[in-house]
Amino acid sequence: MSHHDSHDHDDHIHPEPTTFISKYIISYDHKVIAKQFLFFGILWAFLGAFMSMLIRWAVAYPGVAFPVVGKLLYPHTEGVIPPDNYTMLFTMHGTIMIFFAITPILIGCLGNLLIPLMIGARDMIFPWLNMASFWVMAASGIVMFYSLFVPGGASAAGWTSYPTLANSQWLPGSGHDLWLIAVFLAGTSSLLGAINYITTVIRLRAPGMGFFDMPLSIWGLWLTAILNALFIPVLAAGLILLYIDRNFGTTFFMAASISQAGTQGDPILYQHLFWIFGHPEVYIIILPAWGIVSDLLSFFARKPAFGAKATAWSMVAISVLSMVVYGHHMFTTGLSPLLTTAFTMLTLVISIPSGIFFLNWLGTLWRGSIVLNTPMWFTLGTVFTFGLGGLTGLHLGAVSTNMLLHNTYFVVGHFHLTMAVASLLGSFAGVYFWFPKMFGRMLNERLGKIHFWMTFIPSVVIFCSMFILGYAGMHRRIYNPYEYNFLQHLMGLNRFISIFAFTAFAGQFVFLYNFVWSMFSGVKSPANPWKVGTLEWTVPSPPPHHNFDTIPVVYNGPHEFSNPKVKDRDWISQSEFIEGVSRQPV
Amino acid sequence: MTSANASRSRMSPSELGTWVAMASFGMLFGTFLLSYLLARVRFPVWPPIGADPVPLGLPTLSTGVLVLSSFFVYKANQCFPSTPQSFFKKWNFSLALGLLFLVLQGALWIQLWNQGLRAQDHIFGGTVYVLTGLHALHVFVALGGLVFVPLKLKPLLKTRGLEIFSKSEAPKNMGLFWHFLGVVWILMYLLLVLF
């Protein structure tokens with residue numbers, strides 16, 4: 001069939017599964033798998049966020065017992081967070097948030113939900129692979145969760161897992177081995193998803209939908225999948241070698257000084273492998289958010305996306321550049337000046353495509369009829385925080401300033417604003433926007449706005465204050481900063497940050513309540529509650545098992561708003577043909 | 001739309017997926033080989049003093065065996081789907097050669113071990129065992145795929161007939177991946193053994 005049908009579309013509809021297991025557990029349906037990823041991600045996000053509360057408590061109130069549950073968690077120290085546990089906490093917080101919260105929500109959930117629906121397909125092209133992707137992720141989650149409880153504790157080498165910190169001499173115990181296995185499995189899950197996403201976008205676009213007729217959300221997810229397919233294996237190679245080092249006595253990442261004479265492995269080699277993956281990973285996480293933001297700005301400014309093609313090309317350019325800038329994470333490792341100069345230049349070049357799509361976002365807003373609902377607030381929040389994070393990236397991309405700010409809270413502030421806050425707000429924008437399509441009900445607007453302000457303001461305050469901490473010389477990852485004289489005056493600022501952090505955490509319970517309540521009792525959603533034209537809104541909410549009764553034909557772009565030739569409404573569906581407005585059918 | 005011929009010449013979805021997967025595995029093995037080269041350039045002499053180089057005989061033989069195996073997969077695919085008997089025969093040949101390759105790699109490990117090479121001793125020992133081992137692991141898994149093809153297609157041909165049989169894309173995709181592992185091995189042979 002696929003050989004003869006020019007669009008590889010499966011014209012017969014697969015029967016709907018009927019048993020509970022086949023419908024909700026071992027499901028091949030991309031919409032169900034999206035929900036599985038969403039629930040998985042939300043669970044982990046709360047655990048990861050709770051860990052950050054413990055971290056903020058330890059930094060703001062060193063030596064003071066953690067309130068309420070402290071004595072339960074740390075009976076041996078009367079509720080005070082001990083130093084070794086602090087190290088595990090920031091390690092696991094980073095790992096969980098990146099691999100188990102943002103990746104499943106933004107890529108696993110929204111990728112799965114949106115790709116088939118927005119390109120007019122009945123499902124992913126390899127449904128079995130899609131199901132495997134979730135269950136490998138679930139296995140990874142089980143291993144990672146188990147690693148929290150093994151003797152010796154969870155991994156404590158930082159989310160980057162650098163040797164020599166991660167060598168078995170300094171980090172014995174199975175916690176880190178399990179960490180390596182879990183991250184390897186999480187990577188495998190992403191890879192299976194990526195193969196599916198890439199192929200589905202290339203092969204299953206509805207008739208008439210060229211690449212530039214795809215919503216920009218799909219562009220972001222597609223580029224993310226390409227980066228995943230290419231760079232997860234590089235991380236996997238590093239993890240495998242590290243695992244073998246730890247368990248079979250090889251010396252790939254062991255410096256000559258600590259291993260037997262003449263073995264001469266190289267811990268810096270791991271850093272190369274990690275960051276060859278790690279820098280694209282930053283874009284893997286933010287690209288889907290950029291795509292979603294680019295679409296939602298247009299949807300709620302009720303205007304065509306300004307320079308949509310240029311935005312797509314900018315995202316392509318950044319994806320390519322992301323492969324050749326990783327050295328800026330390693331400026332202090334003794335790279336040759338020639339390399340540091342080259343990496344600085346390449347890194348700063350990223351500001352050109354970033355500037356292009358950022359201006360396009362502003363151009364989309366310019367003189368738009370802006371609708372300030374919850375998804376739009378989160379979208380604007382993403383734009384704002386990404387702007388802050390992006391600008392401070394310049395200081396870290398340039399080698400001269402990087403040397404001073406390396407490993408300080410300036411870095412923590414920067415990467416949280418970009419890959420944590422911006423991608424999290426982008427995920428929320430997506431969840432609020434597509435929740436009606438997923439569950440057939442609307443999220444509560446008032447609670448949504450409370451959630452937004454309780455997330456947005458604290459996030460900006462927290463991470464902008466961290467720029468001050470970093471500039472004042474406070475290193476990241478230290479247990480009690482006030483043991484150093486020159487950091488003692490920062491306690492006030494640290495407490496200020498922590499109070500905002502606790503507020504942000506509290507705000508997430510507003511979301512949780514809204515999410516659970518609306519799923520069962522929210523206002524029923526019509527097929528197209530936001531009055532936008534992309535294909536997922538042409539089918540009922542939630543869509544039937546097979547998505548589309550007939551595969552749609554695309555005549556219009558995804559951002560056709562306020563066309564003066566259309567009198568009765570301000571939007572046009574991608575699949576409707578309007579004489580004099582739409583392209584001639586192909 | 002142009003004629004059906006144009007669409008027929010496009011890659012099928014499963015073949016495209018195979019190419020994406022091969023790009024990923026290429027990055028994996030590329031990373032291993034790059035790491036090996038980076039480690040190697042730091043040494044004034046290679047292999048490091050005290051280590052014997054990898055003997056030429058067995059790896060050369062196994063390279064020949066794997067290339068021949070790839071060749072039979074290629075010939076088998078030329079017979080697919082028109083002459084199923086000849087397809088299965090050639091496919092099984094390449095399967096047997098793939099098994100022989102694994103046996104030869106095992107023999108190489110024994111030889112290296114008897115020669116006194118240990119993975120723990122230095123980066124040379126580590127890379128030789130780990131790189132050949134990881135490649136062999138992939139060959140082992142891919143062999144499972146090679147076995148799967150006749151196991152699935154023979155009953156299919158018997159029960160559903162030639163038309164359904166000929167639609168299977170497994171021979172082509174498995175063949176592609178098998179060639180890919182052959183290319184990875186040739187690179188390893190060149191970098192680890194020959195030079």
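The values are calculated or read from the model by the stated rules, or taken from the named source; none is laboratory data. Computed from a predicted structure; not experimentally measured. Backbone-built Cβ (ideal geometry, glycine too); neighbour counts: all protein chains shown.
Regarding A:Ala237, is this residue among the small types (Gly, Ala, Ser) and more than 9 Å from chain B (Cβ to nearest Cβ)? Taking the combined requirement at face value, the residue does not satisfy it. With respect to being assigned to a helix (DSSP H, G or I) and either free of Cβ contacts under 8 Å to residues at least 40 places away in the same chain or exposed (fewer than 15 other Cβ atoms within 10 Å of the Cβ) (or both), B:Lys172 falls outside the description. Counting the residues of segment A:164-178 that are hydrophobic (A, V, I, L, M, F, W, C), part of a loop (DSSP other than H, G, I, E, B) and surrounded by 16 or more Cβ atoms within 10 Å (Cβ to Cβ) gives 3. Here A:Thr550 passes the criteria (1) in contact with a Pro (Cβ under 7 Å, 6 or more places away or on another chain); (2) free of Cβ contacts under 8 Å to residues at least 24 places away in the same chain except the one numbered (1). All conditions but one from (1) surrounded by 17 or more Cβ atoms within 10 Å (Cβ to Cβ); (2) closer than 18 Å to A:Gly426 by Cβ apply to A:Gly397; the one that does not is (2). Here the helices (runs of 4 or more DSSP H) wholly within segment B:8-115 that include at least 1 residues being at the interface with chain A (Cβ under 10 Å from one of its Cβ atoms), surrounded by fewer than 20 Cβ atoms within 10 Å (Cβ to Cβ) and in contact (Cβ under 8 Å) with a residue 12 or more places away in the chain are B:13-41.
Screening A:Leu335, A:Leu269 for residues that are outside any helix (DSSP H, G or I), surrounded by fewer than 22 Cβ atoms within 10 Å (Cβ to Cβ) and within 14 Å of another protein chain (Cβ to nearest Cβ) leaves exactly one candidate, A:Leu335. When each of A:Leu129, A:Leu106 is tested for being in contact (Cβ under 8 Å) with a residue 40 or more places away in the chain, buried (at least 24 other Cβ atoms within 10 Å of the Cβ) and of a type in the set (A, V, I, L, M, F, W, C), the lone residue that passes is A:Leu106. Of the helices (runs of 4 or more DSSP H) contained entirely in segment A:403-491, those carrying at least 2 residues that are over 19 Å from A:Val383 (Cα atoms) and either without any contact (Cβ under 8 Å) to a residue 40 or more places away in the chain or of a type in the set (Gly, Ala, Ser) (or both) fall at A:445-471. Tallying residues that are surrounded by 14 or more Cβ atoms within 10 Å (Cβ to Cβ) and assigned to a helix (DSSP H, G or I) within segment A:513-532 yields 5. Does segment B:128-146 contain any residue that is at pLDDT below 90, under 24 Å from A:Leu242 (Cα atoms) and buried (at least 17 other Cβ atoms within 10 Å of the Cβ)? Scanning segment B:128-146, I find no residue that is at pLDDT below 90, under 24 Å from A:Leu242 (Cα atoms) and buried (at least 17 other Cβ atoms within 10 Å of the Cβ), so the answer is no. If you go through segment A:206-224 and keep only what is over 20 Å from A:Ile96 (Cα atoms) and surrounded by 24 or more Cβ atoms within 10 Å (Cβ to Cβ), you end up with A:Met209, A:Met214, A:Pro215, A:Leu216, A:Ser217, A:Ile218, A:Trp219, A:Gly220, A:Leu221, A:Trp222, A:Leu223. Test of understanding: among A:Ile276, A:Ile286, which residue is at pLDDT 95 or above, facing chain B (nearest Cβ under 9 Å) and either out of contact with any strand residue (DSSP E or B) (no Cβ under 7 Å at 6 or more places or on another chain) or under 20 Å from A:Leu185 (Cβ atoms) (or both)? Among A:Ile276, A:Ile286, only A:Ile276 is at pLDDT 95 or above, facing chain B (nearest Cβ under 9 Å) and either out of contact with any strand residue (DSSP E or B) (no Cβ under 7 Å at 6 or more places or on another chain) or under 20 Å from A:Leu185 (Cβ atoms) (or both). Here segment A:48-71 is the region considered, the condition is being part of a helix (DSSP H, G or I) and surrounded by fewer than 17 Cβ atoms within 10 Å (Cβ to Cβ), and the residue that is farthest from the chain's Cα centre (by Cα) is A:Lys71. Going residue by residue through segment A:147-163, is there one that turns out to be modelled with pLDDT of 95 or more, in a helix (DSSP H, G or I) and within 21 Å of A:Ile240 (Cβ to Cβ)? Yes, segment A:147-163 has at least one match. Within segment A:567-584, residues that are closer than 16 Å to A:Leu535 by Cβ and of a type outside the set (Val, Ile, Thr) reach partners that are in a strand (DSSP E or B) and at pLDDT 90 or above with beta carbons closer than 6 Å, at six or more positions or on different chains, in the pairs A:Trp571/A:Phe561.
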